Each structure stands twice: as structure tokens, then as C-alpha cells.
Amino acid sequence: MVVALLIGATSLFAQTNYTVTFSANVEMDKIQVKNLHSGVTKTLAKSDKVITLQKNAKQEQHGGSGTPIESVDQFEFLQQTGENTVVVNVEKAGHLKLTLYSLNGTFVARYSNNVDAGQNAFQIGASSGVYVLVASANNQTASLKIMLTQSTQPSILEVLTDKPEPLLKSIDDVITFDEGDTFEFTGYYNNQTDVKTAVITSDKTITFSFTKVTEPTVTTVEATNILLDGATVGGKVTSGNGASVTERGVCWATTADPTISNNKIVSGTGTGTFSVTLSSLSEGTTYYVRAYAKNSVGIAYGSTVTFTTVKKVAIVNGAIQKAFSVSDSKQVYFSQGNLQYQASTNTWRFAEHQYDRIGRDNQYISSTYSGWIDLFGWGTSGWNSGAVAYQPYSTDKVAKSYSPGGKYYNNLTGSCAKADWGGYNKITNGGNKAGMWRTLTKSEWNYLVSGRAQANRLMGQGKVNNVAGLILLPDGWVTPSSVKFVYNPGKYATNVYSLDEWAVMESYGAVFLPTAGRRAGTSVTYETSDGDYWSSSSHEDEGAYGLEFVSAEVNMVSFYRYFGRSVRLVQDVK
């Protein structure tokens, strides 16, 4: 609807009179007129007068109660029995504006809201008399004259089927000015302004254009970097829709369709893309997130996205509950960390974390040492098999001394199974029963790193908590979205994980074998780039097989048995 204002002017400083017509695409709240020459400013507020609406020459008879009077574009006005009630039949759902004027053009009342398609009833709260009712919706306008009484339904006197003339607002104040003065005209509508500057030298129309202000347009983006207790979330504000975006951010909850009354993080103002980090969340929990944005009209929300925080791996009796194939018919679970031993108490345990390693403190090895060691000579479970060196704290440098049952060809299996660290010992945080754990054989190590399906894609070097090592992935691995993994990179710097990121990898079953060095007697070589892990398989008279990873190479090699090397035990999947 075009709204205009007529101003009759006589002059602020001289005797020049011009008529200035203010026209707008909406009904403005006020107009500020400023004389830029003198600095005089005056505000022209809304008037409550309108000119008489144009009438249609065609006269209509009254319809009966509840009968249609005449279709006007997309409207039908209907009478309805009841005290001053009119029904407006709207073809399509949308925004309906009803304005009631007295017959002489005085504004009486207005209704403006969204309505459904079909019949919408309105009770007219006005005193008895003749009025003009104007309805606007779906870019169509229609009007009619009605007679209101206090006790009966309104009488429809005349349907004005033509679109009415623009409603013109008149200003009672007279504005005078000198000819040639420059004026600044500012129109105001619904917290919006439009400014025009003009020199008035004759009758002139000042036109204001306003864009309807609505809530901002905002979208929510999918969550990334999902961890045990946090995630990165965000959104994008594409438009303020006619007003400045004064606040934007995300809100979240553990129930659907969260609002800012639940939890929120503010991320600045204006349009554009933004992201925030959620923290202190609960592990293994599903969260609902929506981006939001505010302007002077209100708050808008993007669609809801969900994510589930990572749940810590289900370690049962020290076993990481993700299966690794070590033959065509056998799978194993790995222990939660490397094997450790305390001589002073004869206690065995698994390292608390997969990246834990003792390092140079292995040099203090002795039968009474109260610290922990994690580098062992081959077959040193503490079971007296007849070998010269069988205790976990053995420092004998003769390779043949480490032969179970006194035979160099005996493996840590069969009759010599108790020479295997897991076969003879109770592991305090691994079930604390003898015989629950064992060491992989040479062929099982080989199958794990090169024989199983997609073996080359399930292995790679990396760093966890700044410790280098070999990463092994379980059967059926799917990389979590919040971290990366490069298959068989050959460089420790390629897969680098913080503790939070590794917690995600570990929750999916990843195994990490840290580089822990090697020991000869009490001399420790603390390697930070090489890893050596025993198998249960012997090799000739002085050696035994073990897994060795150096840079990009991962191989089964023969070590001298007296060298202290790392042990990672496994448990058969039943």
C-alpha cells in the first residue's frame, strides 16, 4: 500500500509557499524535516486523518446472514450473525491487514497479523456508525462500507471493489522556508530510515522506499572436531533482512530444537560465517545444536544438527575391546598398554596409557628395584623353565642363557607357555589371573601388519602426546570425522594427535605401540624413532623374532635374546 503525506508550506524565513508531497511504499511513522541552511529541524508525526476512499459506482444489496456479498480479487466479505462480526474469506494463507476508518476518513483501528487460508472472523470494536473497512493481503486490496450497531451484525452498505486511492496523510503544521533552502527529509518506518535531500524550488514529491525488516537469515553447519567432551559448531548469517545483526552464535541442548534459553555461546555480530568450540560436554552423549541470529525484529534459528561426543574405549580387564585379525581364523584384543614390572613387589601391570614408556629408568633394573621397568629379555616371565636367565630383571648378556627349558628352539608356547610373560603371571589391571594373556607369534605379527585385508591401510607411524610410535587399526576401521589418519605414511610427523584427538582414535579401537628403546644389561639406548616388540617365536640358537619399526619400514627381524625390548600382550577373542 502506498502511503503519502501532503504538506502545505509557507516558508521558514521568507514568503515562498510550495506543496511538498511525501510518498512511501509503507505507512510511515514520522518524517523529520531539517533545513540544512538554518539548522532548524521539525518532526512531522503521524496524523489520524485520511482522505475519503474512492467509491465504486456499482451499488450492492445486502446479503443474507452468512452469504457472500462479492468476490474482490482474492477476498470475499461475508456477514455473520453476531455482535459486530465480519468474516474475511482469504484465498491463500498470508499476512492480512485490516484498517477501520470513519466515513470522514479518520483512522479508528487496525489489525495486522498472519492468517490461514479460508474464513477468518473479526469482531469490530467500534461504536455505532458508518465505517470504511480496508483489507490488504497477498498484494491485493479491497474495501467496503459497513454499518455497525451495538446489538446486531454489521450491515454491509456498499462493496468498494476498485482498489482505493493511496491513503494520504495530511500534516496540520505549516512549514515555511526561503526559496533555495536545502532540506533533508528523513522518513521513519518500523525502526528503519530513508533520507532524501532536496532544494525546494517548486511543488515536489519526496519518495521514500523501505525494505520490510524481518528476522535474519541464518543456517547451521555440521559439527566437526568431535571429541569426548567437546566439538566445533557454528553457522552462517547470510542476511540481516533490513536491520543490523546485533548478536549471533549457537545454542545447544540434549533435547531437540534448542533455544538460547538452554545453552548458548555468542560469536560476534553481523553477517558471515562463524564457529565456536563447545567444551565440558559429557562423553558418549547426543547433542542438538542450532545457530541463531538477532536483529531489531527478533531472533531467527537455523536448522537443528546433531552430534554425539566420543565415548571412551570399553576396556575390560585391561583389554581394548576392538578385534584385530592375526590369522584367517583368529582375532585378538590388545592390552591397554605395554607390560610393566616392579621387582621389589613382584608385580606386573599394563601401562595406564598406550603412549606410556619408562625410558632410561630401565637402567636401574635389579631384583630389589622399587621402580617400574618395561624392557625385558626374551622369555623372562619369572617361571623357572630351566633357562639360566628367566627372571624379568635378568641382565645376563649371553643370548643362550635365555632359552626356555634349556633348548634354543623352544618357543614361548606349548610346554614352555609359562615362559611367556602373560602365560605365567597375573596382571594386576588385566584380570589378575594367570594365563589370560599371551604374546603374538611371528606369523601372527606378520599377518597383522601385512596379511589381513587392507593391512597396508590399517597401519602407519605417528605421534601421540609427542611420543612417536606405530599405529595399528582394528578390522573394519572407519576413520572418525573429527581426526585424520594417513595410511602407512612412513613419517612420524604425519599422524600427530593431541590427547583429546587420540582419545577419539582410541575410542574407535586404535592401538599405539610407542618407541621405548632397548636395553643391554643395564645400558639403555633410548630410541625415539625405533620400536622393538618381542614375539613368542624363537630363531636359531641366540635369537628370537620381534616386530621392528624404523621410519617407513615395519618388519619381523631376529634380535639377540638378551636385549631388553618392549612387550605388548594380547587376549584371544572368544
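Every number here is computed from the coordinates shown, using simple stated rules; none is lab data. Since the model is a prediction, treat every value here as computed from it, not as a measurement. Cβ atoms come from the backbone with ideal geometry, glycine included; neighbour counts cover every protein chain shown.
Before moving on, here are some points about what is shown:
- Length gained when the stretch D541-D361 is fully extended (0.36 nm per residue, less Cα-Cα span): 61.8 nm
- Fully extending the segment from K491 to E91 would add 137.1 nm, taking 0.36 nm per residue of separation and subtracting the current Cα-Cα distance.
- Cross-link table K311/K574; K236/K312; K97/K212; K312/K426, entries beyond 20 Å C-alpha to C-alpha: K311/K574; K236/K312; K312/K426
- Fewest-first ranking of R360, R561, using other Cβ atoms within 10 Å as the exposure measure: R360, R561
- Approximate spin-label separation K426-N190, in nm, with each point projected 7 Å along Cα-to-Cβ: 7.9 nm
- Between S296 and T246, the distance separating the two model label sites (each 7 Å from Cα on the Cα→Cβ line) works out to 0.9 nm.
- Modelled label positions at T201 and K574, each set 7 Å beyond Cα in the direction of Cβ, lie 10.2 nm from each other.
- Cross-link pairs exceeding 31 Å between alpha carbons, from the set K145/K204; K92/K196; K264/K484; K322/K418; K294/K484; K264/K463: K145/K204; K92/K196; K294/K484; K264/K463.
- A full extension of the chain between Y111 and M147 corresponds to an added length of 11.1 nm, given 0.36 nm per residue minus the alpha carbon distance.
- Annotation: the residues I299, I471, sorted from fewest to most other C-beta atoms within 10 Å of their own C-beta, follow the order I299, I471.
- Dividing the convex hull volume of the alpha-carbon atoms in region 217-308 by its residue count gives 73 Å³ per residue.
- Sites N263 and K433, calculated FRET efficiency, Cβ-Cβ separation with R0 56 Å, nearest 0.05: 0.75
- Alpha-carbon geometry of region 494-569: the Rg and the Dmax are 14.4, 46 Å, given in that order.
- Computed from the Cβ-Cβ distance with R0 of 35 Å, the FRET efficiency linking T368 to K400 stands at 0.85.
- Counting every other Cβ atom within 10 Å of each residue's Cβ, K418, K407 order from fewest to most as K407, K418.
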